[in-house]
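Everything below concerns the one structure shown next.
The values are calculated or read from the model by the stated rules, or taken from the named source; none is laboratory data. The structure presented is a predicted model; accordingly, all values stated were derived computationally and were not measured. Using ideal geometry, Cβ is built from the backbone for each residue, glycine included, and neighbour counts are taken over all protein chains shown. Remember, those area values only see protein heavy atoms, side chains included, never the ligands or the DNA or RNA. Shrake-Rupley method; radii C 1.70, N 1.55, O 1.52, S 1.80 Å.
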Amino acid sequence: MQLKRRQFLASASAAALASPAIIGRAMAADGIKFVSILDQSNGLDIYGKPMVETTRMAVDEINDAGGLLGRPIDLKVYDPQSSIQLYTQFATQAAAGDRADVVHAGITSASREAIRPTFSRFQVLYFYNVLYEGGVCDINNFCTGSTPAQTVEKLVPYTMNKWGKKVYIIAADYNYGQITAQWVQKYVRDNGGDPVATEFFPLDVTNFGPTIKKIQQAQPDMVMSALVGGAHVSFYRQYAAAGMNASIPIASTTFGVGNEHKLISAEEGNGMICAYSYFEEVDNATNKAFVQRFRDRLGDDAPALNELAARAYEGAYIWAEAVRQAGSTERMAVIEALRSGVYYDGPSGRVQIEPKTNHANQNVYLAELKDQSFQILETYENQPPTDTLLVCDLVADPNQSTFKFENGLKAAGIDI
Amino acid sequence: MDLVVSLALQILYGIANLALISLGLAIIFGMMRVINLAHGEFLMLGGYTVVIATNNGVNIWIAMLVLAPLVVGVIGVVVERLLIRWLYGRMIDTLLATWGLSLLFIGLVTSIFGASTATTISPPLGVITIGAYTSSGYEMFLIVVTVLLLVAVYATLKLTTLGLVARGTMQNAEMSSALGVSTSRIYMITFGLGAAVTGLAGGLLAPITGILPTIGAVYIAKAFITVISGGMAILAGTATASVLLGGVNGIVAFLTGPTIGEVALLVTAIILLRLMPRGITGTLFRKSL
């Protein structure tokens, strides 16, 4: 049969049009698609790089142990380069192009809010494994990091008992810092203290001199810091250079999750108190083995581990456990398995999904910085996300996809 | 009274800080009309030199005052020979090329040393007490160094043969060339000196700032605004713009807060450039250096 040019073109283009679907299905049949979108360059890489390493480690471990449901996990990592625009681009790519089974993504709250609606719209299961200000109420989004009711609520009374009731609050000037500062004000007042002043800093401020003078003028008993990023590390150094760390101590809701305690010297950091759901120094066998495996993997270049890195690892395992229980990677089946109380006993202890909020019940540790490492002072086991529980009940109404604290705590009906 | 003195010193430091981070950029811009967008990375490289050197047991003063300017100065000369000299007189092209260079430096430092590098240094020189207030002795030292640096640049330009030839080249490169001056060599030396001054600034700031591969980005905007507000005169421009912008920023930040402080700095620069499009020294102090 002689093939006419027109017929040839028609059949060839039909094959070409059909092929992506064929290839797509063929690939979905062998590997489970796990996409990670985390900043590995520009300002936020101090947070993102360790998270990507631990995500890779978790996926490799699961694959070495035979994969999930007899299938390997196919990990794809995107670097949004600390740019919100690239986050939205890669989120669409992960959902529509890669047809991901699960996406673990986002570091700042701003990036999470940029991509969360995309995953809701495309119905792609989304994990956010970073400590944040609380308030996300989204059936499709699991927030495994710690929230202020778990950490700040412990940190404020502990440090006020130790140091005194006048608290000077300094925070980064974007949604995380603004909302966290309101939580600090609330907890300080709840404990009979006085938040004497609250100041916000754009992320590129490096000269903290005028603020240090104001702190000296206000004479608080302690400073509570929710500063974020590389430029803000200057605050701790200039504070110490003015001799202030000897007289007015600092507690922080952020210090250490970017391994800042390695970026300032021992004498500058000694005595600072922080609370997170994980420290590298957590004393249990699972964590010791985890830290050892991480160092063996990366050798001398291994960064210090912190809550973000540990939770990226645990988040991957919690998802894997839910897939096993569901016996499927189908989104609603996995979501139901997750919400049935799936837990993972990881380096930080037990992390269990709380079904009303899709957040996690988790251990919280309070620690003091000494010679560039954290000494754990207190352990609070199995802490629920009571902040988000105030405003969110996905059991009663699963059809929600909102960020309740978008306009601050007062707008969400919480007195501060 | 204690507060006034202590705050005045703090504002003086804010001014010195601005002058320190801008001077290297001003030298390169004023002499060569090249806007070096890798300026922030030169500062970062100065800081990294100090962190890496002190981690390997080098004395902090030697690392800051000798190694940082030396290393970054050499890098500057290499950059000028390989990249900048092909692009003189093409301002947009140099902007693009030096921006690419800044990305290259960030990438190189990240791949060699990782996303963050642990440090052991803290600011030397202790604390100065003024009544109920304390200030950092090291910040006072930086004020002195900045003044000395400005004097040194003035003396070099005014009193040495190199300075004379450099100023001649700056005013009329073709005429200098006709008189037998190797303008290419002058440009290389100037770029190297500008880079060295920037490296020194980065090194001096290392003990009181966080040093990360990406930290240059937070300095480049402020240095750029200071130099453009100052205008063509290297010294008078940098000094007057630093006093004005640093003073406004310090006072407003103390009275209101850091966010408004930053806004006030930018608003001042915008109004200034509306009234004096060629910068402060384009209108006032026109004969100055």
Under 5 Å from the placed amide H of A:VAL167, counting only residues 5+ away or on other chains, we find A:ASP194, A:VAL196, A:ASP221
Among A:30-39, A:103-112, B:109-118, how do they line up from the highest to the lowest mean number of other beta-carbon atoms within 10 Å? A:103-112, A:30-39, B:109-118
Candidate span helices, chain B: DSSP H, at least 30 Å along axis from Cα coords, Kyte-Doolittle average at least 1.6, result B:2-32, B:91-113, B:137-159, B:234-255
Once whole DSSP H runs in chain A are found, which of them have Cα atoms spread over 15 Å or more along the helix axis and a mean Kyte-Doolittle score of at least -0.5? A:5-30, A:152-163, A:307-326
By the Cα gyration tensor axes a ≥ b ≥ c (a/c under 1.5 gives rounded; else a/b larger than b/c gives prolate, otherwise oblate), the shape of the range A:359-407 is prolate
Averaged over B:243-252, number of beta-carbon atoms from partner chains that fall within 10 Å: 1
For a quick check: with amide H placed at 1.01 Å from N, whose amide H comes under 5 Å from B:ILE130's, ignoring anything fewer than 5 positions away on the same chain? B:SER135
Normalised by the number of residues in the range B:201-289, what is the relative contact order in percent for Cα pairs under 8 Å and 6+ residues apart? 31
For chain A, averaging the sequence separation of alpha carbon pairs under 8 Å that lie six or more residues apart and dividing by its residue count, the contact order in percent is 18
For peptide A:219-231, what's the mean number of Cβ atoms from other chains within 10 Å of each residue's Cβ? 2
Classify the range A:303-416 as rounded, prolate or oblate from the Cα gyration tensor: take a ≥ b ≥ c as the square roots of its eigenvalues, call it rounded if a/c is under 1.5, otherwise prolate when a/b beats b/c and oblate if not. oblate
Tell me which cysteines of the protein assembly as shown come out unpaired when the rule is another cysteine's Cβ under 4.7 Å. A:CYS143, A:CYS274
Rounded to two decimals, the Rg over Rh value of the protein assembly as shown from Cα coordinates and the Kirkwood Rh reads 1.02
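Where Lys and Arg each count +1 and Asp and Glu each count -1, what net charge lies around A:LEU203 among other residues with Cβ under 11 Å from its Cβ?
Surrounding charge for A:LEU203 is -3.
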Which of the peptides A:70-83, A:314-327, B:31-44 is most tightly packed, and how do the rest follow, judged by the mean count of other Cβ atoms within 10 Å per residue? B:31-44, A:314-327, A:70-83
Average Cα contact separation per residue, the range A:152-252, under 8 Å, 6 or more apart, as relative contact order %: 34
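Rounded, prolate or oblate, given the Cα gyration tensor of chain B, with a/c below 1.5 counting as rounded?
Oblate, because a/c is 1.5 or more while a/b does not exceed b/c.
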Selected from A:GLY193, A:GLY209, A:GLY271 as most flexible by GNM, with chain A as the system and alpha-carbon contacts under 10 Å: A:GLY209
Using a Gaussian network model of chain B whose springs link C-alpha atoms within less than 10 Å, name the residue from B:PRO207, B:PRO258, B:PRO123 with the highest mean-square fluctuation. B:PRO258
By a straight-distance test (C-alpha under 23 Å), which lysines pair with A:LYS166 as possible cross-link partners, with residues fewer than eight away in the same chain excluded? A:LYS154, A:LYS186, A:LYS213, A:LYS214, A:LYS410
Which of A:THR180, A:THR286, A:THR54 fluctuates most in a GNM of chain A (C-alpha springs under 10 Å)? That residue is A:THR286
To the nearest 10 Å², what's B:LEU83's accessible area with a 1.4 Å probe? 50
Amide H neighbours of A:ILE37 at under 5 Å, excluding residues fewer than 5 places away on the same chain, with H built from the backbone geometry, are A:TYR78, A:HIS104, A:ALA105, A:GLY106
Please give the FRET efficiency for B:VAL144 paired with A:GLU378, using the beta carbon to beta carbon distance and R0 = 35 Å, rounded to the nearest 0.05. 0.15
